[in-house]
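A short write-up of the structure that comes next.
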Amino acid sequence: MIQLDRDDPLADYRDRFVLEEGLIYLNGNSLGALPREARNRAAEVVEQEWGQGLIRSWNRHDWVSLPTRVGDKVAGLIGAAPGEVVVADSTSVNLFKLAAAAIRMRPGRCKIVSEPGNFPTDLYMLQGLEGFLQGEVRLETAPREVLSSHIDEDTALVVLTHVHYKSGELFDMAAITARAHEVGALMLWDLSHSAGAVPVDLNGVGADFAVGCGYKYLNGGPGAPGYLFVARRHLNDIHQPLSGWFGHAEPFAMRDDYQPADSIKRGLCGTPGVLGTAVMEVGVELQASADMSKVRAKSRRLGELFIQLVEAHCEGMGFALASPRDAERRGSQVSFTHQHAYPIMQALIARNIIGDFRAPDILRFGFAPLYVRHVDIWDTVQALADIMATGEWDAPQYKQRSAVT
Ligand SMILES: *Cc1c(COP(=O)(O)O)cnc(C)c1O
């Protein structure tokens, strides 16, 4: 393991994050670690730009351009071009904006297709849209194996998450996008578990729309804004319903009538969250500075190693792999099911090894390639085996559930 870490071309990145000694952090797929530079940037934007510059900073520090500036940097991580991505709002809100815009582009079609077990907010937002449109458009979910046959001439839009949040399974983006287009439907990808973790080529596969999250592998900070992508060919055709003043062609003309910007800015709604976006920029830049082929190679290696070690050292202890075994079909996480998943994860956390639990029975381990080491994988599996062998997990204090698991 030590040799693998020595040979790791990304090893130097770890020092660029604040990670306390002795902590093994395998939850970067839920909340990424704090880049050291983000701490400085936060202090600067709060104390100087806000504290001293006050309202002048909108121009002086170009706060107005933050959503598109950071958007262009995200674009580089997801196979999009500058001008196709904007950072704003939350992933949930962005999904609503783009799904509604897509429905408008396909009048007469009555279906949005997704999969059961997609990330809850994605389904909830689509259900909200369905209710808002009073049944004119309905959400239909179909399991992966039969999904293609549900994408038909009635389908306005297909909404899928590229890397599944529970299993880490990757969808074949090119094939499904092509299937949607074959019947004239539009395709929206949620990249929350993809950007910064696996290569994504939105324009290469001809995707229409995408959304994603800033606080996972992009290390943007808790509640960092999300982003949205609109393929250039659609930029002038989308009309998203949250038509706030920052999406206006001239926000400061203060006119009564809404006139959308003729750029990706029409994806914006209200005033950008300056603090969150400025801090997120640091995480995005850091991620963008790493070579994606090295990131992917390390992520695969960490995942393979973890599976191999759990199966060797925790054999017969009740764990079952809940992620694809083939690294080609897996994002940067590995999940195992266990009947006692919740207390087992709590026992690991008590040992300073942080993964998470997803109901009903999943232990989830995320491998952010910029700061997880091979030795962390080894130590985690040793701790897991020990917790099982000694029955340490079976203690009352590990059974109390917190609000956030
Ligand atoms: C994390 C995640 C989100 C988060 O949405 P928020 O609006 O930021 O809460 C959405 N979709 C997927 C697939 C996610 O993994």
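Data overview
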read-out: The stretch 305-325, residues that are out of contact with any helix residue (DSSP H, G or I) (no Cβ under 6 Å at 6 or more places or on another chain) and assigned to a helix (DSSP H, G or I); value: 307, 308, 311, 312
read-out: Residues satisfying the stated conditions in the stretch 222-239, i.e. assigned to a loop (DSSP other than H, G, I, E, B) and surrounded by fewer than 24 Cβ atoms within 10 Å (Cβ to Cβ); value: 222, 223, 231, 235, 236, 237, 238, 239
read-out: Subset of the stretch 171-204 that is polar (S, T, N, Q) and assigned to a loop (DSSP other than H, G, I, E, B) - its residue that is farthest from the ligand (Cβ to nearest atom); value: 194
read-out: Residue match in the stretch 90-113 (condition: more than 20 Å from residue 129 (Cβ to Cβ), touching a helix residue (DSSP H, G or I) at 6+ places or on another chain (Cβ under 8 Å) and outside any loop (DSSP other than H, G, I, E, B)); value: no
read-out: Single unsatisfied condition, residue 118 versus (1) away from the ligand (no atom under 12 Å from the Cβ); (2) under 17 Å from the mean Cα position of the chain (by Cα); (3) assigned to a loop (DSSP other than H, G, I, E, B); value: (1)
read-out: Those residues of the stretch 1-29 which are in contact with a Phe, Trp or Tyr (Cβ under 8 Å, 6 or more places away or on another chain) and among the small types (Gly, Ala, Ser), in sequence order; value: 28
read-out: Qualifying residue in the stretch 206-217 (condition: buried (at least 24 other Cβ atoms within 10 Å of the Cβ), touching a residue at least 24 places away in the same chain (Cβ under 8 Å), near the ligand (Cβ under 9 Å from one of its atoms) and of a type in the set (Gly, Ala, Ser)); value: yes
read-out: Neighbours by Cβ (under 7 Å, 6+ apart or cross-chain): first from the stretch 117-143, not assigned by TED's automatic domain parsing to the domain that holds residue 163; second surrounded by fewer than 18 Cβ atoms within 10 Å (Cβ to Cβ) and modelled with pLDDT under 95; value: none
read-out: Residue 355 vs. criteria surrounded by 13 or more Cβ atoms within 10 Å (Cβ to Cβ), farther than 24 Å from residue 195 by Cα and small (Gly, Ala, Ser); value: no
read-out: Residues satisfying the stated conditions in the stretch 67-95, i.e. within 16 Å of the ligand (Cβ to nearest atom), hydroxyl-bearing (Ser, Thr, Tyr) and within 14 Å of residue 267 (Cβ to Cβ); value: 90, 91
read-out: In the stretch 354-397, the residues that are outside any loop (DSSP other than H, G, I, E, B), more than 20 Å from residue 320 (Cα to Cα) and at pLDDT 95 or above; value: 374, 375, 376
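The values are calculated or read from the model by the stated rules, or taken from the named source; none is laboratory data. Computed from a predicted model, the values in this text were never measured in an experiment. Note that we place each Cβ from the backbone using ideal geometry, even for glycine, and neighbour counts take in every protein chain shown.
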